[in-house]
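Report on the structure given below.
The values are calculated or read from the model by the stated rules, or taken from the named source; none is laboratory data. All of these numbers come straight from a predicted model, not from anything done at the bench. No Cβ is skipped: glycine too gets one built from the backbone with ideal geometry, and neighbour counts run over all protein chains shown.
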Amino acid sequence: MARFEPVLLRGIGQLDLTDIENYKQLGGFAALEKALREMTPEAVQGEVSASNLRGRGGAGFPTGKKWSFLPKDGRPRYLVCNCDEAEPGTFKDHLLLEQAPFQIIEGLLISAYAINAAQIFMYIRGEFLEGFRIFKRALDAARLQGYLGKRILGTDFSMDIVVHRGAGAYICGEETAMLESIEGKRGEPRLKPPFPANAGLYGMPTVVNNVETVSCVPHIIERGAQWFASIGPEKCPGPKIISVSGHVVRPGNYEVPMGIPARELIEEYAGGLFPGRRLKAIQPGGGSSAAIFEEDLDTGIDFDSLAAKRTMLGSGGFVVMDDTTCMVRASQTLTRFFEHESCGQCTPCREGGQWVARMVSRLEAGEGNESDLRVLSTINDTITGTNLCPLGDSIMPFLSSVLRRFPEEFADHVREAGCPFRVGVAASMAS
Amino acid sequence: MTPERERRASELVARYPESQSALIPFLQFCQAHDGYVTQQAIHDAAEIAGITPGEAESIASFYTLLFKEPVGKHKIQVCRTLSCMLRGADELQQHVRQRLGLGNGESSPDGRFYYEEVECLAACDRAPCLQHNLEFHYDVTPEDFDRLLDEWRASDPGVSMPAE
Ligand SMILES: Cc1cc2nc3c(=O)[nH]c(=O)nc-3n(C[C@H](O)[C@H](O)[C@H](O)COP(=O)(O)O)c2cc1C
Ligand code: SF4
Ligand code: FES
């Protein structure tokens, strides 16, 4: 089978792309030169709009459209790059940060030029200390060669990137929580509206874009919107990095054209399942997404096809679970995650999330009862759609989807007063 | 404030449009030297940010990588989320707890080790994984852990939560 020719991951694994010379040898910074010397900011924005690039951070919002919302009122504008990656099962931005930092820098500079930003803020997850160091070194190298700072490449364009390290909080990946966090506050999401485009960082018009999104920008400028738009489905085109983990032979980041069938990703890229195992469930879009199953393997991996299956592409974290997986245990790790990460502002998310996590833990420990099962299968509407930010709405999708699909497995935990899958692992591990 | 902290504080304040943005980076800097967020650091940070120490404390308490009290120098944080669970995190955690004699969130009485079970570290393809003072270790088997532990036991990490 012909593998997709990588765009964002090109050279990674063969060349040390944290070395600016290697990055340039692969054509790096040509797009920046082109944008600054041959294109107006409006033209760059037009090109990105025409490419139909949709944000890779989770929501899939069209990038050009997001940029176009900035009011033209003379206030300084900020561009914030979201490198807080912490969605369970997602590890692409971590890779791009550590292995392709100049691609991010070039993408940020072009994006900042396009939206006429006053400054760029790069928010890096606190746990990515090594990535933070690599990125800082990359900034120094870029500055030394005139790609950053005053009068970049001798043009009128000046720009700098402030790097802000996170300090441990998944919720800071949510864009308004991120702005609060950069402002030195608790990372609590803001009520929208106002949207960041109008009142973002320090109250100024702000765009927040994901690392993978900005990494696409140099390629769109260099190769043209038409080229980008021609890859994959018309409404959500382009190359996409999918982070594949769990029960496959070769877990890893795979760059594919948007829309490839889930089956191809698993079998051709990730080496398939382990011998003798059967597929049980897949989380196609990180810990927040509802599961898909064997009969969904021909579904295209893109925002719209997965939405049609009542789940989502989200962050592109593709977690494969085979028939050795206990769905109660899997749900336990995720409900506990959301319980832990809730910022606590909204009652359904804070209290509901806690209750759900406790009930699932109880079931897994063999201490659950029939009424827990009833509550878990009916509580969805109470928790979902009643919160300030999407975290609260992420608690139930996976749990509900596997509870619907494998009700007997949940019931077995009650009937047998324990986890039928637990062989060799002490029950104490359930806590 | 020590002259070094004064210098760092003014660097940080100059970096951002508003001085409160310097709060967390300043606390990270102090923690790298003190091992945790001391009351002195909270007071200094509050002054820099122009807020009350109570406010600064509430902000600091929001972030899991800022420690509110002294913890062991070797900070071992093992991932417990789904993808790692699917590839042996339970067994690794059990082993690590037993080898360290510590439960989740505990430090050893001699102040050398701290153990915590943390959420997805964005390294799910190399599971199970852990961080030791924010340095990643991937595909960690119980045997790998024993080897690492021998190394850590023989070393003094000094600055144990680097700020940069
Ligand atoms: C709880 C939560 C966590 C999020 N975490 C991230 C993240 O780690 N990285 C990211 O890029 N977007 C994350 N997002 C999405 C951001 O709010 C935002 O939509 C995104 O950064 C926009 O970038 P894009 O348009 O380029 O996709 C998160 C959203 C929520 C609700
Ligand atoms: S939904 Fe949860 S995480 Fe989001 S603002 Fe409300 S309490 Fe915080
Ligand atoms: S689940 Fe452990 S690194 Fe993602």
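A few points about this structure:
- Conditions (1) of a type in the set (D, E, K, R); (2) in the same structural domain as residue A:300 (by TED's automatic domain parsing); (3) surrounded by fewer than 18 Cβ atoms within 10 Å (Cβ to Cβ): number failed by residue A:255: (3)
- Residue within region A:145-159 that is part of a loop (DSSP other than H, G, I, E, B) and at the interface with chain B (Cβ under 10 Å from one of its Cβ atoms) present: no
- At least 1 residues being modelled with pLDDT of 95 or more and more than 12 Å from ligand 1 (Cβ to nearest atom) is the threshold, and among the strands (runs of 3 or more DSSP E) wholly inside region A:165-257 those reaching it are A:239-246, A:252-257.
- So residue A:392, is it in contact (Cβ under 8 Å) with a residue 24 or more places away in the chain and at positive phi: no
- Residues in region A:307-325 that are farther than 30 Å from residue A:235 by Cβ and either more than 10 Å from chain B (Cβ to nearest Cβ) or part of a strand (DSSP E or B) (or both) were compared, and the one that is nearest to the chain's Cα centre (by Cα) is A:322.
- Restricting attention to region B:104-132, the residues that are touching a His at 6+ places or on another chain (Cβ under 8 Å) and at positive phi total 1.
- Residue within region A:119-130 that is at negative phi, facing chain B (nearest Cβ under 10 Å) and assigned to a helix (DSSP H, G or I) present: yes
- Residue check for residue B:97: out of contact with any helix residue (DSSP H, G or I) (no Cβ under 9 Å at 6 or more places or on another chain), of a type in the set (D, E, K, R) and farther than 26 Å from residue B:163 by Cβ: yes
- Of residues in region B:82-92 being under 22 Å from the mean Cα position of the chain (by Cα) and more than 7 Å from chain A (Cβ to nearest Cβ), the one surrounded by the most Cβ atoms within 10 Å (Cβ to Cβ): B:84
- Pair list, Cβ < 7 Å and 6+ apart or interchain, from region B:2-20 residues that are free of Cβ contacts under 8 Å to residues at least 60 places away in the same chain and closer than 13 Å to residue B:49 by Cα to residues that are in a helix (DSSP H, G or I) and aromatic (Phe, Trp, Tyr): B:9/B:26; B:12/B:26; B:17/A:202; B:18/A:202
- Residues satisfying the stated conditions in region A:93-106, i.e. within 13 Å of chain B (Cβ to nearest Cβ), crowded, with 24+ Cβ neighbours inside 10 Å and away from ligand 3 (no atom under 12 Å from the Cβ): A:93, A:96, A:97
- Only a single item in (1) in contact with a helix residue (DSSP H, G or I) (Cβ under 6 Å, 6 or more places away or on another chain); (2) farther than 30 Å from residue B:47 by Cβ is not met by residue A:184, and it is number (2).
- Residue within region B:68-80 that is within 13 Å of chain A (Cβ to nearest Cβ), touching a helix residue (DSSP H, G or I) at 6+ places or on another chain (Cβ under 8 Å) and surrounded by fewer than 23 Cβ atoms within 10 Å (Cβ to Cβ) present: yes
- Candidate set: region A:340-359, residues that are of a type in the set (A, V, I, L, M, F, W, C) and within 14 Å of chain B (Cβ to nearest Cβ); chosen: the one nearest to ligand 1 (Cβ to nearest atom): A:343
- Condition broken by residue B:102, with the remaining ones in (1) facing another protein chain (nearest Cβ under 8 Å); (2) buried (at least 18 other Cβ atoms within 10 Å of the Cβ) satisfied: (1)
- Qualifying residue in region B:115-125 (condition: within 16 Å of ligand 3 (Cβ to nearest atom), within 11 Å of chain A (Cβ to nearest Cβ), crowded, with 21+ Cβ neighbours inside 10 Å and more than 27 Å from residue B:28 (Cβ to Cβ)): yes
- Inter-residue pairs, beta-carbon under 6 Å, first free of Cβ contacts under 8 Å to residues at least 60 places away in the same chain and in region A:58-74, second of a type in the set (A, V, I, L, M, F, W, C), 6+ apart: A:64/A:48
- Of all residue pairs spaced 6 or more apart or on separate chains, those with beta-carbon atoms under 7 Å, a first member in region A:329-345 that is touching a residue at least 40 places away in the same chain (Cβ under 8 Å) and within 15 Å of ligand 3 (Cβ to nearest atom) and a second member that is of a type in the set (S, T, N, Q) and assigned to a helix (DSSP H, G or I) are A:332/A:361; A:338/A:394.
- Complete set of residues in region A:260-277 that are of a type in the set (A, V, I, L, M) and closer than 21 Å to residue A:233 by Cβ: A:260, A:262, A:265, A:266
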